[in-house]
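Undergrad: Sharing a structure below in structure tokens format, with a few things to ask.
Every read-out reported here was derived from the displayed coordinates using simple, explicitly stated rules and does not represent laboratory data. Note that the structure is a prediction, hence the values are computed from the model and not measured. Glycine gets a Cβ as well: all are built from the backbone with ideal geometry, and neighbour counts include every protein chain shown.
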Amino acid sequence: MSLFQQEIAALQTATEQRAMFNQAREQAAFPKLVAAFPAIRRQVPLKPYCNFAVGGQAALFYEVTSESELMRLYRFLRTEQLNLPIVLLGQGCNLLLSDNGVNALVIYLGARFAKTALSPDYRTWDYPYIEEIQRHEALQGKEHLSEEEWQNYALIHVQAGQTLKRTVQLAAQNSYSGLEFACGIPGTVGGTTYMNAGAYGGTVADCLLGVRYLSPDCNIIELRPGYLDLQYRSSYFMIPAMQGAVILGVTYLVQKANKQDIAAVIKDLTIKRESLQPLNYPSAGSIFKRPEGYYAGKLISDAKLKGFRIGGAMVSDLHAGFIVNVATDCQSRDICRLIHKIQKTVQSLYGVTLATEVRYIGDFTEQDFED
Ligand SMILES: Cc1cc2nc3c(=O)[nH]c(=O)nc-3n(C[C@H](O)[C@H](O)[C@H](O)COP(=O)(O)OP(=O)(O)OC[C@H]3O[C@@H](n4cnc5c(N)ncnc54)[C@H](O)[C@@H]3O)c2cc1C
């Protein structure tokens, strides 16, 4: 059996996490952790946190409600030298969670960590934002802005658990433009920054002014987008050294515009998305990244795989780039096998490698990918 690179990486991560987790469990500090943080729950089913509606249990699960408690947790892990694998979870819209569960401390950032503030008065902004705005390409090389021009801009500060959709709505309701492209992208501000999500010609990178995160070694750091290596569905947070880093919040730049025009763009993009995507089924959106020079959906459709099904997982009839969960007993391994089948078919027919956009998380084994 030949496995593609990302599947091998998923298996390696699962093996490493199993070893780390078992080692941590044997340490005396493990019971202390659960005692010091009563909010940490054990054996939590993850299906409700995964948009694909598959997956086993998290060994440990913690929902973030404040930065200070999260800091206290990270300090505890360091002081006690408790080398636990950590997995971050947003809305689970881009995840394939293993049926065998996740042997890690799963940290969830959702509605309880979702403060959002619009800041229209530039006189109150921190200097790094002012500097960053002056560099922003939207200004087309202008070095200085008049008072009136500054008043055209606003910042939106958002905690990572807020949804991107809600943030787009807030901007639109207040007549600020810049985020419309993201009106239909599901997921949290944290997850969409991690993925550098994008649609219809825009990406999160285009409107980001700064990202605040907790580093794996327990420091709070604010970075400008230039340092985040934001590329097509990838970011600095994906490098191995950043494993366990938590995106805490971001700041977006938006610009005053006509409210009706903004609403019209959002309406248009929503209609487009609803007509082209199977939004009434659980999925992770596009399963594969766009291969250079091709469209994954077209290759899969040309390979006559639309409607092809393994267990409860099916290639969408509407958009071949989507795998949809069509049965209540659908397993994560049905989706893995279908991904593998698509990759093998497209590779043999067209010589194109389809790399997955979806993130494999949890305790995968080789059997999960076997035909
Ligand atoms: C119907 C549908 C349509 C979609 N359309 C699009 C689209 O048009 N464009 C697009 O780009 N994507 C699209 N997606 C994919 C998905 O919306 C994005 O990938 C989004 O970024 C996922 O956000 P999330 O909060 O659900 O992240 P999750 O799926 O929970 O996590 C994704 C990754 O981010 C990490 N992560 C999450 N939160 C944090 C945090 N706070 N700190 C550090 N790491 C974190 C996770 O560990 C994981 O590796 C679509 C998905 C669906 C289901």
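Undergrad: Only helical DSSP H runs with n ≥ 4 go in: add -39500 (n - 2.57) per run for the chain, normalise by residue count and round the 222 nm mean residue ellipticity to 500 deg cm²/dmol.
TA: -9500 deg cm²/dmol
Undergrad: Still on this structure, please answer the following. How big is the dipole moment of region 114-267 about its Cα centre under a simple scheme where the beta carbon of each Lys and Arg is +1, that of each Asp and Glu is -1, and everything else is neutral? Debye, nearest 20, please.
TA: So the magnitude is around 580 debye.
Undergrad: Mind checking which aspartates and glutamates have their Cα closer than 17 Å to the Cα of Lys115? Skip sequence neighbours fewer than 8 apart in that chain.
TA: Straight-line reach from Lys115, under 17 Å: Glu63, Glu67, Glu69.
Undergrad: I've got another one for you. Just name one of Ala59, Leu46, Gly110: the one whose Cα is farthest towards the positive end of the charge dipole of region 5-111 (beta-carbon charges, Lys/Arg +1, Asp/Glu -1).
TA: Farthest towards the positive pole: Ala59.
Undergrad: Most mobile of Ala241, Ala59, Ala197 per a Gaussian network model of the chain (Cα springs, under 10 Å)?
TA: Among Ala241, Ala59, Ala197, the largest GNM mean-square fluctuation belongs to Ala241.
Undergrad: Mind scanning Lys304/Lys341; Lys165/Lys259; Lys267/Lys289 and naming the pairs with a C-alpha gap bigger than 19 Å?
TA: In this structure, Lys267/Lys289 lie more than 19 Å apart at Cα.
Undergrad: Using a Gaussian network for the chain with springs between C-alpha atoms less than 10 Å apart, which of these wobbles most: Val102, Val246, Val265?
TA: Judging by the Gaussian network model, the answer is Val265.
Undergrad: Counting chymotrypsin sites (Phe, Trp or Tyr not before Pro) as exposed when in a DSSP loop with at most 16 other beta carbons within 10 Å, what is the longest stretch of the chain free of them?
TA: So the longest stretch without any such site is 1-199.
Undergrad: Anyone know which of Thr79, Thr15, Thr167 comes out most mobile in the 10 Å Cα GNM of the chain?
TA: Thr79
Undergrad: Which listed residue (Gly362, Ala160, Ser348) has the Cα farthest towards the positive end of the charge dipole for the chain, taking +1 on Lys and Arg C-beta and -1 on Asp and Glu C-beta about the Cα centre?
TA: Positive-most Cα among the choices belongs to Gly362.
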